[in-house]
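*Asks:* Take this structure, written in structure tokens, and hold onto it; I'll ask about it next.
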Amino acid sequence: MLPLLTSAQIREADAYTIANEPIASIDLMERASKAFVGWFVNHFPDKKQAISVYCGTGNNGGDGLAIARMLDDHQFKNLDVKIARFSEKATDDFNTNLKKIQQTKVHLSEIGEGETLPEEFGEVIIDALLGSGLNKPLSGDYKRLVDDLNGLKRTVVAVDVPTGLFTDGEMPTDGVVLKADLVITFQAPKISFLLPESGPYIKCWEVVNIGIDEKFVQSLDSPYQAVEEKDIRKMLKPRHRFSNKGTYGHALIVAGQPETMGAALLCASACVYTGAGLTTACVPQSGLTALNSYMPEIMAIVRHNQEIPEIEWDKFNTMGIGPGLGKDQYALDLMIHILTNYKKPIVIDADALNLLSAHKEFWNVVPENSVLTPHMKEFDRLFGEHENWWQRIQTGIKKAKDHQLYILLKNDHTIIITPQGKVYFNTTSNPAMASGGMGDVLTGIITSLLAQRYSPKDACIIGAYIHGKAGDELALPNRANVVLPGQVAARLPFTMAKLMA
């Protein structure tokens with residue numbers, strides 16, 4: 001897993017690297033700037049293009065000065081450095097890099113407190129105003145400058161963090177941020193990059209390694225982690241000779257009403273495609289023909305009229321409940337029947353989550369180590385309204401511990417929260433997957449992995465990753481605008497095979 005650090009931990013890791021590599025802070029700044037420039041020159045090859053570099057007077061500004069000097073070394077011909085000197089404070093490394101760039105022919109100018117902002121002719125703006133240490137909204141001259149730059153509609157490349165964006169914590173809803181077309185960030189993505197609040201401000205980001213001490217970063221034991229492909233390769237279990245359908249478990253999917261059989265079919269088929277040895281769907285009688293026609297490999301427990309079906313509890317390794325189930329009294333009675341009789345971990349999604357949010361008295365019968373898979377609105381119905389995603393994460397950490405459950409909060413970077421307080425960010429998926437039924441497929445995947453005796457934590461992490469990866473394999477090579485849930489489900493065996501190769 002890739003540790004995601006808070007701003008305080010970033011400073012701690014920098015300080016440790018400086019003290020123990022050892023390396024002078026100015027040399028670490030040089031290394032970071034060189035990594036930035038290495039990426040930049042490969043993607044902005046036009047050396048005649050007008051480039052303006054905006055620098056604050058802190059270490060982010062020091063990075064900007066070093067970057068401008070290095071671009072000059074690379075024969076970029078049209079550089080303009082503007083220093084925002086909005087206070088008398090300046091870091092030592094900023095001052096050192098200022099002296100270095102003054103020895104070149106790069107054009108330098110300063111913007112003082114309250115001064116009229118200069119006219120901007122740059123086609124590309126490099127943002128090195130404020131970095132990862134920001135902990136309050138922009139105001140005064142910085143806000144005025146950022147508002148002006150946002151109005152220019154130029155290509156903006158941010159150094160490490162866009163000016164005004166917090167790296168972690170609650171971002172003010174009325175905060176002003178310099179919108180970046182690209183962020184070239186150091187060592188690892190910032191936590192805020194993986195949350196929807198960053199969407200209006202960052203089109204894309206790239207990580208460059210600057211040699212921060214990895215062992216020390218791991219020792220910080222950050223609760224926030226990003227899932228990488230190498231993690232999934234280690235976690236997946238290949239199939240072996242002499243195994244049989246019993247080896248891979250029996251899953252029960254409790255889903256669907258006559259009008260919402262699609263959700264049940266998508267969920268159950270994903271369970272099959274992910275590798276459950278046996279999959280049974282508990283569906284209404286009117287949906288049986290659709291089930292048999294869609295995928296005859298799925299067995300059925302038929303729900304007749306409003307009768308609670310007989311379920312042989314010991315037959316099933318796990319259950320997934322909720323997709324298309326409905327929210328009427330019968331659905332509630334069926335869910336209560338399951339929760340009071342089945343004690344192994346289950347996956348609770350969709351309508352089952354809504355029933356649980358409306359009847360919180362049944363929290364105490366949800367089996368320990370079960371998995372909840374809400375989207376944002378379902379999460380807020382379960383746990384109360386939230387103003388931002390950081391609040392949701394903190395609530396999720398508390399509720400997962402209180403109820404000894406795993407919470408998979410669906411998002412562009414789906415967030416898995418464990419009872420131990422760990423928070424894992426998924427790193428696959430794409431906008432083409434924003435389609436009704438995609439969550440039903442994810443529920444089927446996780447249910448299947450639980451049936452195959454993966455731990456709930458591993459089932460959540462692997463499930464989110466292969467779900468998004470299958471969507472990526474379908475959408476990205478052909479730049480597909482939309483990928484359908486059924487396509488993602490059918491892709492899963494091939495995605496998993498690649499990861500186990």
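The values are calculated or read from the model by the stated rules, or taken from the named source; none is laboratory data. Keep in mind the model is a prediction, meaning the values are calculated, not measured. Glycine gets a Cβ as well: all are built from the backbone with ideal geometry, and neighbour counts include every protein chain shown. Keep in mind that these areas ignore ligands, DNA and RNA; they rest on the heavy atoms of the full protein, side chains included. Shrake-Rupley method; radii C 1.70, N 1.55, O 1.52, S 1.80 Å.
*Asks:* Would you please classify the overall shape of segment 141-200 from the alpha carbon gyration tensor, given that a ≥ b ≥ c denote the square roots of the eigenvalues, rounded means a/c under 1.5, and beyond that prolate means a/b larger than b/c while oblate covers the rest?
*Replies:* oblate
*Asks:* Before I look further, what does segment 1-160 give for accessible area per residue, probe 1.4 Å, in whole square angstrom?
*Replies:* 47 Å²
*Asks:* First measure r as the distance between the Cβ atoms of Glu385 and Gln420, then evaluate 1/(1 + (r/R0)^6) with R0 = 30 Å and state the FRET efficiency to the nearest 0.05.
*Replies:* 0.70
*Asks:* Right, something else. In segment 350-452, what % of DSSP beta bridges are antiparallel (nearest 5)?
*Replies:* Just about 75 percent of them are antiparallel.
*Asks:* Order these peptides, 118-126, 1-9, 366-374, 303-311, by their mean beta-carbon neighbour count within 10 angstrom, highest first.
*Replies:* Listed from highest to lowest mean packing, they are 366-374, 1-9, 118-126, 303-311.
*Asks:* Amide H neighbours of Ala281 under 5 Å, counting only residues 5+ apart in sequence or on other chains, H built in-plane at 1.01 Å?
*Replies:* Those qualifying (amide H under 5 Å, at least 5 residues apart or on another chain) are Ile253, Met299, Ala300, Ile301.
*Asks:* Can you work out ³J(HN,Hα) from phi for every residue in segment 448-459, in order, using Karplus 6.51 cos²θ - 1.76 cosθ + 1.60 and θ = phi - 60°, giving whole Hz and x for Gly and Pro?
*Replies:* Working through the residues one at a time gives 4, 5, 4, 4, 7, 6, 6, 5, x, 4, 5, 4 Hz.
*Asks:* For segment 359-489, calculate the relative contact order in percent as a whole number, restricting contacts to Cα pairs under 8 Å that are 6 or more residues apart.
*Replies:* This gives 22 percent for segment 359-489.
*Asks:* At a 1.4 Å probe, what is the % contribution of carbon and sulfur to the accessible area of the chain?
*Replies:* 50 percent
*Asks:* Classify segment 312-467 as rounded, prolate or oblate from the Cα gyration tensor: take a ≥ b ≥ c as the square roots of its eigenvalues, call it rounded if a/c is under 1.5, otherwise prolate when a/b beats b/c and oblate if not.
*Replies:* It comes out rounded by the Cα gyration axes.
*Asks:* Which length gain, in nm to one decimal place, applies between Ser293 and Gln102 when the Cα-Cα distance is subtracted from 0.36 nm times their residue separation?
*Replies:* My answer for the length gained is 61.3 nm.
*Asks:* Arrange the peptides 103-114, 77-88 so that the one whose residues have, on average, the most other Cβ atoms within 10 Å appears first.
*Replies:* Ranking the peptides 103-114, 77-88 by packing returns 77-88, 103-114.
*Asks:* Collect residues whose amide H, placed 1.01 Å from N in the peptide plane, falls under 5 Å from the amide H of Leu152; neighbours closer than 5 in sequence don't count.
*Replies:* none
*Asks:* Now a separate question. Just the number please: accessible area per residue for segment 338-407, 1.4 Å probe, all protein chains included, in Å².
*Replies:* Result: 41 Å² of accessible area for each residue.
*Asks:* What does the helix-only formula give at 222 nm for the chain: each DSSP H stretch with n ≥ 4 adding -39500 (n - 2.57), the total divided by the residues, and the result rounded to the nearest 500 deg cm²/dmol?
*Replies:* Computed mean residue ellipticity for the chain: -12500 deg cm²/dmol.
*Asks:* Let me ask something else. Can you work out the Karplus-derived ³J(HN,Hα) for every residue in segment 305-311? Use 6.51 cos²θ - 1.76 cosθ + 1.60 with θ = phi - 60°, whole Hz, and x for glycine or proline.
*Replies:* These are the phi-based 3J(HN,Hα) values: 6, 10, 8, 6, x, 7, 10 Hz.
*Asks:* Sort segment 81-155 into rounded, prolate or oblate with this rule: let a ≥ b ≥ c be the square roots of the eigenvalues of the Cα gyration tensor; rounded if a/c is under 1.5, and if a/c is not under 1.5, prolate when a/b is larger than b/c, oblate otherwise.
*Replies:* Taking the square roots of the gyration eigenvalues as a ≥ b ≥ c, segment 81-155 is oblate.
*Asks:* Using the basic label-point model (7 angstrom from Cα toward the beta carbon), what is the Asp181 to Met1 distance in nanometres?
*Replies:* Here the modelled spin labels are 3.6 nm apart.
*Asks:* Considering only DSSP beta bridges with both partners in the chain, what is the antiparallel share in %, to the nearest 5?
*Replies:* The antiparallel fraction comes to roughly 15 percent.
*Asks:* Suppose all protein chains stay in the model; what accessible area per residue would a 1.4 Å probe give for segment 190-308, in Å²?
*Replies:* Dividing the accessible area of segment 190-308 by its residue count gives 49 Å².
*Asks:* What is the sum of charges around Leu325, taking Lys and Arg as +1, Asp and Glu as -1, for the other residues whose C-beta is under 12 Å from the C-beta of Leu325?
*Replies:* Charge balance in the 12 Å sphere: -4.
*Asks:* Skipping prolines and chain starts, which residues have an amide H placed within reach, meaning under 5 Å, of the one on Val183, given they are 5 or more residues away or on another chain?
*Replies:* Under 5 Å from the amide H of Val183 lie the amide H atoms of Ala158, Cys204, Trp205, Glu206, each far enough along the sequence or on another chain.
*Asks:* Right, another one. Local charge sum around Pro137 (other residues, Cβ-Cβ under 10 Å, Lys/Arg +1, Asp/Glu -1)?
*Replies:* With Lys, Arg at +1 and Asp, Glu at -1, the net is +1.
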